[in-house]
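See below for the structure under consideration.
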Amino acid sequence: MSYLLHVDSSSLGEASVSRNVARTFLEGWDGDVVHRDLAAAPVPHISAAGVTARETDPADHTPEQAAAAALQEELIEEFLGANAYLFTVPMYNLSMPSVFKAWLDQIIVFGRTVRPSPAAGRPAVLISARGGGYGPGTPNHGLDYVVPTTEAVLGREELLGLEVHTVIPELIMATHNPALAELLPKHEASMADAHQRVRELAATITNAFAV
C-alpha cells in the first residue's frame with residue numbers, strides 16, 4: 001500500500017463538520033496519509049496556459065505553460081500515487097466548494113488520469129456535510145448539486161473511476177437556528193450514523209489492503 005490521499009475543501013477548519021467526520025475515519029486508518037488542504041493552500045483555477053500546455057510539446061512551452069504544467073504534474077502524481085482517497089466536500093450554496101472544483105480541473109487530463117484512468121477501482125470516501133436535508137421527501141429534494149456531480153466525476157468509468165462511498169452528515173443548521181430545534185434529533189442521528197459509517201469504511205478499506 002502506498003498512502004491515503006486526504007483532500008480537504010471546507011473553509012471552516014477545526015469547526016468543519018466534514019473534517020470532524022474525516023478525523024474519525026483517520027483514527028481507524030492504518031497506513032500513511034498525504035494531506036492536501038485546499039482551503040489553507042488553494043490550487044489555482046485552470047488557466048489558458050494550463051489547458052494549452054497539455055497539447056503543446058514541452059520543449060515549446062512558454063514560461064506560463066511550463067509553470068502550469070509543473071503544477072498539474074505535481075497534483076496528478078500525488079493523486080496517482082495514492083491507493084485510497086478521503087475527500088471532504090461540504091455543500092456551499094447547493095454546490096461544491098470552488099477550491100475542490102479547481103483541484104478536479106487540474107488533475108483531470110485525458111490519457112493521463114481519465115480515458116483510461118490508472119486509478120480505476122481504488123476506494124474513495126466522500127464526506128459531504130450540509131446545513132439542511134436534501135433527501136427524498138424533504139422540501140429541498142433535488143437541489144443537491146454536490147454529491148451527484150462529485151460522485152459522477154470521481155466514480156464514472158469514463159472519468160476517474162474510483163469506488164466511491166458517500167457519507168452525508170446533514171441538518172447542521174439545527175444546532176445554530178432555534179427555529180430548527182425540532183430537527184436536532186435527526187441531526188444527531190445523522191452525525192452518529194456518519195461517524196459509524198466512516199469507522200466501518202476505515203476498517204474495511206484498511207483490511208482490504210492488508211490481504
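Points to keep in mind about this one:
- Residue match in the stretch 138-149 (condition: surrounded by 15 or more Cβ atoms within 10 Å (Cβ to Cβ), within 20 Å of residue 110 (Cβ to Cβ) and either touching a strand residue (DSSP E or B) at 6+ places or on another chain (Cβ under 6 Å) or not small (Gly, Ala, Ser) (or both)): yes
- Taking the listed residues 40, 124, the one that is within 14 Å of residue 6 (Cα to Cα), aliphatic (A, V, I, L, M) and surrounded by 14 or more Cβ atoms within 10 Å (Cβ to Cβ) is 124, with no other qualifying.
- Per the conditions (1) modelled with pLDDT of 95 or more; (2) open to solvent by 50 Å² or more (accessible area, probe 1.4 Å); (3) under 26 Å from residue 4 (Cβ atoms), the sole criterion not satisfied by residue 67 is (3).
- The single condition from (1) of a type in the set (S, T, N, Q); (2) out of contact with any Leu (no Cβ under 7 Å at 6 or more places or on another chain); (3) under 30 Å from residue 192 (Cβ atoms) that residue 9 fails is (2).
- Scanning the stretch 134-176 for residues that are farther than 19 Å from residue 90 by Cα, without any contact (Cβ under 8 Å) to a residue 12 or more places away in the chain and either among the small types (Gly, Ala, Ser) or in a helix (DSSP H, G or I) (or both) turns up just one, 137.
- Filter result for residue 130 (surrounded by 21 or more Cβ atoms within 10 Å (Cβ to Cβ) and basic (Lys, Arg)): yes
- Odd one out for residue 21, checked against (1) among the hydrophobic types (A, V, I, L, M, F, W, C); (2) surrounded by fewer than 19 Cβ atoms within 10 Å (Cβ to Cβ); (3) under 28 Å from residue 146 (Cβ atoms): (2)
The values are calculated or read from the model by the stated rules, or taken from the named source; none is laboratory data. Note that the structure is predicted; figures quoted are calculated from it, not measured. FYI the Cβ positions are ideal-geometry reconstructions off the backbone, even for glycines, and counts take in every protein chain you see. The area values use the complete protein model at the heavy-atom level, side chains included, leaving out ligands, DNA and RNA. Shrake-Rupley method; radii C 1.70, N 1.55, O 1.52, S 1.80 Å.
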